[in-house]
Every structure is written in C-alpha cells, then in structure tokens.
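The values are calculated or read from the model by the stated rules, or taken from the named source; none is laboratory data. This is a predicted model, so every value here is computed, not measured. As a convention, Cβ positions derive from the backbone with ideal geometry for all residues, glycine included, and neighbour counts pool all protein chains shown.
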Amino acid sequence: MKKVAVIKMDTRTQLIILAASLSFLGLAFIQIIFMPKPLRPGLCCESTEIDLLPVFALMLITIAVHEILHLIGFKLLKVDLAKVELIKMFKVIPLGIMIVYREISIVEYIIVALLPQVLTIAFLAVFLHAVANTDVVLIIISYTLYALHLGASSGDLCGVAYTLFKAKSLKGKWVSIIKEGKCTEFHLYVE
C-alpha cells in the first residue's frame, strides 16, 4: 500500500476544522433565505418567545447522540477503537470529541463519518414539517439545531471529502498514529 496523505493533529488542523465549522454554520444560515416560507402571511412579523435553556439542552443531547451514532457505526463494522479524546485548540479551548480508531478502511470510514447525518436530515425534515404547519417555534428550534449540527459535523464532512480527494479510490485505509497516549497523526494508504 502507498501512503498518500498525513493529517497531523496540530493547531493548524484544528484551525482548519474550526474555519470549516464556521463556514458550514454560515452557509446554513444563508440557506434559510432559500428555504420554503410558512404559508400564513404576516407570520414572520409575529413576536415569538423561546426559552433558550431547552434549546441548549437539545443541542447537548444532539452532540451526545451524534457521538453515539459514530460508536454504533464503529461497533457494527467491528472497527478496532483505540480511545476517545477531547480535541482542544491551543491545549485549552474544547473544540470537539474524537473517537480514535487504530485502523479503518476507507469505506468503513465514510460510513461511520456520515452516519450522524441522519440527525441533520431529521432536523431538516422537522423544519419542513413545521413550515407546512406554520409552527413558528418549531421552525426556529429545528432550523437552529439543523444549522448547529451541520456546523458541528464539518470535521466529519471535510474528512470524507479530503479522503475521497486524496485516495481517489475506495480501496485503502486510515491508520492512526498514537504517541504517548495521544493521537498525533492519521495516515491514509491506498492500494
């Protein structure tokens, strides 16, 4: 097998993931302009109050379910897991959670990385249902969760795109390099 890419888990990579996350989040909020509008005229001018604490709780639950879906994918595909790490930018700011595998085929990687997108699809479906039923609160909550989950999934989505761009094939694997108990690099090999 030939090594075609190396991803170092350093500040540069973390900044790229953060920039991608903010870009996805921004694009999701631009996307709202093009989404269907509620059929009842004047609905956008009504005052609506939303308690942010339940929305925040739903986001935390979404993050947990997102990671659980990754774990389910790993377990169903029998991928050998090494550990779970908290990714910190500048060794201080929590950026995300990373489930580290020892080795994973490209096909398995794509399946596991995209599995949590069922949440993105579900939030978008709830949003469209809320629009059809002119439920303003549900419109706001479901689209907010959709946008935030899409932004939080940017590492997964960019990882899949990067893998396909570099590998140009589905025949290969990712291998994690663990030094002193920390994942320092990922190496991509293709046949």
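In table form, for the structure just shown:
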item: Residues (outside any helix (DSSP H, G or I) and either surrounded by 18 or more Cβ atoms within 10 Å (Cβ to Cβ) or among the small types (Gly, Ala, Ser) (or both)) located in region 152-170; result: Ser153, Ser169
item: Residue list for region 116-151, restricted to those being surrounded by fewer than 19 Cβ atoms within 10 Å (Cβ to Cβ) and either in a loop (DSSP other than H, G, I, E, B) or of a type in the set (Ser, Thr, Tyr) (or both); result: Asn133, Thr134, Asp135
item: Every residue from region 94-115 that is in a helix (DSSP H, G or I) and either free of Cβ contacts under 8 Å to residues at least 24 places away in the same chain or closer than 13 Å to Glu67 by Cα (or both); result: Val112, Ala113, Leu114
item: Contacts under 6 angstrom Cβ, first residue in region 71-86 being under 13 Å from Val107 (Cα atoms), partner part of a strand (DSSP E or B), 6 or more apart; result: Phe74/Leu81; Val79/Tyr101; Val79/Ile104
item: Some residue of region 124-137 being in contact with a strand residue (DSSP E or B) (Cβ under 6 Å, 6 or more places away or on another chain) and modelled with pLDDT of 95 or more; result: no
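The rows are residues; the columns are (1) surrounded by 13 or more Cβ atoms within 10 Å (Cβ to Cβ); (2) among the β-branched types (Val, Ile, Thr); (3) over 22 Å from the mean Cα position of the chain (by Cα); (4) at pLDDT 90 or above.
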position: Ile30; (1), (2), (3), (4): no, yes, no, no
position: Cys44; (1), (2), (3), (4): no, no, yes, no
position: Ser47; (1), (2), (3), (4): no, no, yes, no
position: Asp51; (1), (2), (3), (4): no, no, yes, no
position: Pro54; (1), (2), (3), (4): no, no, no, no
position: Ile63; (1), (2), (3), (4): yes, yes, no, no
